[in-house]
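S.K.: Sharing a structure with you now.
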Amino acid sequence: MPWRGGLAANTMAGTVSGWQEARRQSAKLAPCLPLETLFEDAIFHAAQGYPMSQSEALLLREKMPDLLANPQFRTAYDVPQAPQTGHIRRNPALARTLESLARNGLDSFYEGPLAKMLATGLAEAGSPLDHADFASHTVRVTQLAHGPARRTGF
């Protein structure tokens with residue numbers, strides 16, 4: 001499987017539907033906080049930036065030639081061409097996506113304008129995923145695996 005490009009994106013992203021299911025399950029126990037509140041810090045750090053760790057800066061420097069060849073990467077991410085530990089990394093596209101999810105609900109990742117935009121971008125990159133894959137995505141909840149209780153000696 002390729003590291004970058006459309007064929008590397010050949011499975012549907014399930015994180016957002018996982019968040020949605022976690023909220024459904026949590027709502028059975030107590031009211032959920034509004035998405036605007038839950039995403040507030042993440043939106044702030046995506047928009048205003050955070051200092052890059054050593055491992056992130058090293059990985060970005062290693063992958064920078066491939067990443068800069070991608071016009072979507074260049075417009076979506078504010079990354080210096082020679083990232084160093086401590087450089088401030090901003091991700092305005094992520095901030096906008098989280099703002100959209102907070103405003104329009106988590107379903108909008110799979111249906112609606114955000115889903116259409118993501119499907120279009122994936123198609124342009126050569127991904128086999130399309131809008132129908134977004135619209136038909138569902139989360140599946142399974143039972144947790146249980147094993148015998150273990151004593152820890154405490």
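The values are calculated or read from the model by the stated rules, or taken from the named source; none is laboratory data. Computed from a prediction, not measured in an experiment: that's the story for all the values here. A quick note on method: Cβ atoms are made from the backbone with ideal geometry, for glycine too, and the neighbour counts reach across all protein chains shown.
S.K.: Whether any residue in the stretch 55-75 is hydrophobic (A, V, I, L, M, F, W, C) and in contact with a Gly (Cβ under 7 Å, 6 or more places away or on another chain) is what I want to check.
M.R.: No; the residues of the stretch 55-75 include none that is hydrophobic (A, V, I, L, M, F, W, C) and in contact with a Gly (Cβ under 7 Å, 6 or more places away or on another chain).
S.K.: Hey, could you check the stretch 5-51 for residues that are of a type in the set (D, E, K, R) and more than 18 Å from the chain's Cα centre (by Cα) and say which is surrounded by the most Cβ atoms within 10 Å (Cβ to Cβ)?
M.R.: The qualifying residue surrounded by the most Cβ atoms within 10 Å (Cβ to Cβ) is R24.
Here's the yes/no breakdown for (1) under 27 Å from L129 (Cβ atoms); (2) touching a strand residue (DSSP E or B) at 6+ places or on another chain (Cβ under 9 Å); (3) touching a residue at least 12 places away in the same chain (Cβ under 8 Å):
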site	(1), (2), (3)
W19	yes, no, yes
K28	no, no, no
E36	no, no, yes
I43	yes, no, yes
L59	yes, no, no
V79	yes, yes, yes
P92	yes, yes, yes
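S.K.: Among what's in the stretch 10-53 and is among the aliphatic types (A, V, I, L, M) and in contact with a helix residue (DSSP H, G or I) (Cβ under 6 Å, 6 or more places away or on another chain), pick the residue that is farthest from H137 (Cα to Cα).
M.R.: Among those that are among the aliphatic types (A, V, I, L, M) and in contact with a helix residue (DSSP H, G or I) (Cβ under 6 Å, 6 or more places away or on another chain), it is A47.
S.K.: Please determine, by comparing only the residues of the stretch 57-101 that are part of a loop (DSSP other than H, G, I, E, B) and among the hydrophobic types (A, V, I, L, M, F, W, C), which one is modelled with the lowest pLDDT.
M.R.: V79
S.K.: Right, another one. Of the conditions (1) under 17 Å from the mean Cα position of the chain (by Cα); (2) surrounded by 13 or more Cβ atoms within 10 Å (Cβ to Cβ), V79 fails just one. Which one is it?
M.R.: Checking V79 against (1) under 17 Å from the mean Cα position of the chain (by Cα); (2) surrounded by 13 or more Cβ atoms within 10 Å (Cβ to Cβ), the one that fails is (1).
S.K.: Just one of the numbered conditions (1) touching a Ser or Thr at 6+ places or on another chain (Cβ under 8 Å); (2) at pLDDT below 90 is not true of G121; which one?
M.R.: G121 satisfies all of (1) touching a Ser or Thr at 6+ places or on another chain (Cβ under 8 Å); (2) at pLDDT below 90 except (1).
S.K.: Determine whether the stretch 52-59 contains at least one residue that is under 25 Å from V16 (Cα atoms), within 17 Å of the chain's Cα centre (by Cα) and surrounded by fewer than 16 Cβ atoms within 10 Å (Cβ to Cβ).
M.R.: No; the residues of the stretch 52-59 include none that is under 25 Å from V16 (Cα atoms), within 17 Å of the chain's Cα centre (by Cα) and surrounded by fewer than 16 Cβ atoms within 10 Å (Cβ to Cβ).
S.K.: Among residues belonging to the stretch 128-145 that are among the hydrophobic types (A, V, I, L, M, F, W, C) and surrounded by 12 or more Cβ atoms within 10 Å (Cβ to Cβ), point out the one that is farthest from A13 (Cα to Cα).
M.R.: A135
S.K.: Considering only residues of the stretch 104-123 that are closer than 23 Å to D41 by Cα and without any contact (Cβ under 8 Å) to a residue 60 or more places away in the chain, which is surrounded by the fewest Cβ atoms within 10 Å (Cβ to Cβ)?
M.R.: N104
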